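Enquirer: Input: one structure, supplied below.
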Amino acid sequence: MTALKLKKREERRVLAGHGWVFSNEIDTEQTPLKGLEPGSSVTLESANGKFLAHAYVNPHSLIAARVTSRDAREPFNATVLRARLQRALELREYLYDDPCYRLVHSEGDFLPGLTVDRYNDVLVVQITTAGMERYRDEIVDALQSVTGATAIYLRNDAPVRKLEHLPEYREWVVGEAVEVLSVRENGLQFDVPAELGQKTGWFYDHRSSRAALAPWVRERRVLDLYTYLGGFALNAAACGAREVIGVDGSQQAVNGATANAVSNGLQDRVSFRCDDAVEAMRSLFEDGERFDVVVLDPPAFIKRRKDREQGLRHYALNNRLAMRLLNPGGIIVSASCSQALSHDDLLQQMRQNTPRGSLGLQVLAPLQQGPDHPVNIAMPETLYLTGCIARLL
C-alpha cells in the first residue's frame, strides 16, 4: 500500500481525530500525489515516518485523503464497512420506532463519502467520493444484508462528484423502481416522489426541529417558507395551528405538499402556494398579512467559502423580510444548512435585521440536526445545520 507522508507538523489534525488531509499538507517531494489513482488506498505517515491512519486518496481534490481507519492492523475493507453499517443501524434502531431515518451520515458515522437514507424497506444511497465509489458493490451487498432492504436506489447525481472526477447517474440496483418513498414522522405520513430533485429525498435532519415547533403553534397563524413537501407546515397543523400557509418555488413540491395535507386530513387548515419565497414575503407584507409564527428554512446560501459574503446577504434579507411579517410577540424559526455559517453567524444576521423600533429578540431554543445525523466531535464540518426558535418583541 502506498504511503503518503505529511509535511512537518501537519499531522496534528489527524492525530486529534480529524478525517481530512488537504493536498497542501502532503510532502509531495517525498511522496508524489499526482501519480496516484483516484480512490486508491494509502497509509498516512508523519514527517518522521510514523503511521497515522489508513485512508483513500484523490489527487484531483483539495481534500486529497480521507481517513478510513486508525488501526494499522485494520485497513478499510468489506468487513470493516459491514461492521460500521451495523453500528450505524444500532443507533437508529435505538432512537426510532419506525424505520425512517438517515442511516449513514458520512464522516459522522466514520464512512466518508457515503450517505444513506432509509424509507422503511427502501434505501436511497449517495456516494460522493472516488474512494467510496470503489466499494459500491460491497456497500449495496452489506446494506441489503444488514437492513433486509427490498429496494436500493443509487442517487449518485450530486454535483460534488464532478470534483472527484466521477460520473453522475441514478440507478435502482436492488429490487424494482419505487415511485413514491414513504416517511413516518411525528405521527404524520409523508409521501416523497423518489425522482424529486432534492438530494436523497426527505430532510430527516429537521425532524427534531419540527417536533420542537409544537408548543408555539397552537391556535396560531403560521407561515412556512421553503416548505418543500410540507414538513414544518403539516407538523404545525397537526399540533393545533389555526391556519398554515406553505410557500415553495417548485410546483412539483407544492403538489406533493398538498397531497400530503390531504392524506393526513389537514387540508382544511393548510394551503400551499408556488412562489419565490422572497417575493412571497414582500407581497404578503404589502397586502397587510401578518403571522404569529414564521418558519424560515432556506436552502444553503453558502456552499463554498467564496460564496460567504453573498450568502450572508441572502440570510440577512430573508430574516429581515420574515420578521416584518410577525405579529407583536411572534415566533420566528430560523435555520441554516450552510456548514460555513455558524450558530453565532446566524444569530448575528437575525439580530442585525430585527425590525426598527422592536425591543429585540428572545432566543427560546437552539436547533441543530437530529441524532441520526451524528456529529464527529473532531470534525466541525459534520455539524452543518443550525437554527433557533426566537420571539420578537
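The values are calculated or read from the model by the stated rules, or taken from the named source; none is laboratory data. Note that this is a predicted model, so its numbers are computed, not measured. Backbone-built Cβ (ideal geometry, glycine too); neighbour counts: all protein chains shown. The area values use the complete protein model at the heavy-atom level, side chains included, leaving out ligands, DNA and RNA. Shrake-Rupley method; radii C 1.70, N 1.55, O 1.52, S 1.80 Å.
Enquirer: With every protein chain left in place, what is the accessible area per residue of the range 280-356 in square angstrom, probe 1.4 Å?
Expert: 49 Å²
Enquirer: Let me ask something else. With the full set of protein chains in place, find how many percent of the accessible area of the range 237-393 is carbon and sulfur; take the probe as 1.4 Å.
Expert: Roughly 48 percent of what the probe reaches on the range 237-393 is carbon or sulfur.
Enquirer: Nearest 10 degrees, 0 to 90: what angle lies between the long axis of helix 136-147 and the longest principal axis of the chain (Cα atoms)?
Expert: The two axes meet at around 60 degrees.
Enquirer: Further, regarding this structure: From Cα pairs below 8 angstrom and at least 6 apart in sequence, can you work out the relative contact order of the range 254-318, rounded to a whole percent?
Expert: Working: 22 pairs, mean separation 13.0, N = 65.
Normalised by residue count, the contact order of the range 254-318 is 20 percent.
Enquirer: OK, next. Given the protein chains as shown and a 1.4 Å probe, how many square angstrom of Thr382 are accessible, to the nearest 10?
Expert: Its accessible surface works out to 10 Å², give or take rounding.
Enquirer: Follow-up question, since we're still on this one. Per the helix-only calculation at 222 nm, which mean residue ellipticity applies to the chain, given -39500 (n - 2.57) for every DSSP H run of n ≥ 4 and division by its residues, nearest 500 deg cm²/dmol?
Expert: Helices in the chain give a 222 nm mean residue ellipticity of -8000 deg cm²/dmol.
Enquirer: Tilt of helix 251-263 relative to the longest C-alpha principal axis of the chain, in degrees (0 to 90, nearest 10)?
Expert: 70 degrees
Enquirer: Pop the C-beta distance of Glu90 and Ser182 into the FRET formula with R0 = 25 Å and round what comes out to the nearest 0.05.
Expert: In this case the efficiency is close to 0.60.
Enquirer: Let me know the Rg and Dmax you get for the range 1-51 when you use only its Cα atoms, in Å.
Expert: Cα only, the range 1-51: 10.3, 28 Å (Rg, Dmax).
Enquirer: At what distance in angstrom do the alpha carbon centres of the range 150-165 and the range 28-59 lie from each other?
Expert: One Cα centre to the other: 25 Å.
Enquirer: Here's another thing I want to ask about it. Using the per-residue mean of other Cβ atoms lying within 10 Å as a proxy for protection, in what order, highest first, do the peptides 73-79, 208-214, 86-92 fall?
Expert: 208-214, 86-92, 73-79
Enquirer: Which angle between 0 and 90 degrees, to the nearest 10, do you get for helix 308-324 versus the longest principal axis of the chain when only C-alpha atoms count?
Expert: Result, in degrees: 20.
Enquirer: What order, most packed first, do the peptides 98-104, 26-32 have when packing is the mean number of other Cβ atoms within 10 Å of each residue?
Expert: Ranked by mean Cβ neighbours within 10 Å, highest first: 98-104, 26-32.
Enquirer: Give me the accessible area per residue for the range 156-226, probe 1.4 Å, as a whole number in Å².
Expert: That works out to 49 Å² for each residue.
Enquirer: For the range 1-106, with every protein chain kept in place, what is the accessible area per residue (1.4 Å probe, Å²)?
Expert: 52 Å²
Enquirer: With N set to the residue count of the chain, report its C-alpha Rg divided by 2.2 N^0.38 Å to two decimal places.
Expert: Against the empirical 2.2 N^0.38 Å value, I get 1.06 for the chain.
Enquirer: Relative contact order for the chain: what is it in percent, counting Cα pairs under 8 Å that are at least 6 residues apart?
Expert: Normalised by residue count, the contact order of the chain is 11 percent.
Enquirer: Name all residues of the range 1-15 having a backbone nitrogen under 12 Å from the label point set 7 Å from the Cα of Asn48 along its Cα→Cβ direction, giving them as ranges.
Expert: The answer is 9.
Enquirer: In a GNM of the chain with a 10 Å cut-off on Cα contacts, which of Gly265, Gly39, Gly256 has the highest mean-square fluctuation?
Expert: In this elastic network of the chain, the residue with the biggest mean-square fluctuation among Gly265, Gly39, Gly256 is Gly265.
Enquirer: Just the number: Rg to Rh for the range 243-393, Cα atoms, Kirkwood Rh, two decimals.
Expert: In the range 243-393, Rg relative to Rh is 0.98.
Enquirer: Between Asp268 and Asp121, what FRET efficiency comes out of the Förster formula 1/(1 + (r/R0)^6) with R0 = 45 Å and r the beta carbon distance, rounded to 0.05?
Expert: According to the calculation, E is roughly 0.85.
Enquirer: Another one. Taking all protein chains in place and a 1.4 Å probe, what share, in percent, of the accessible surface of the range 95-208 do carbon and sulfur account for?
Expert: Here carbon and sulfur together make up 48 percent of the probe-accessible area.
Enquirer: Kindly rank 188-195, 299-306 from highest to lowest mean number of other beta carbons found within 10 Å of each residue. Display every interim value, and only then the final one.
Expert: Numbers: 188-195: 17.8, 299-306: 14.6.
Packing proxy ranking, top to bottom: 188-195, 299-306.
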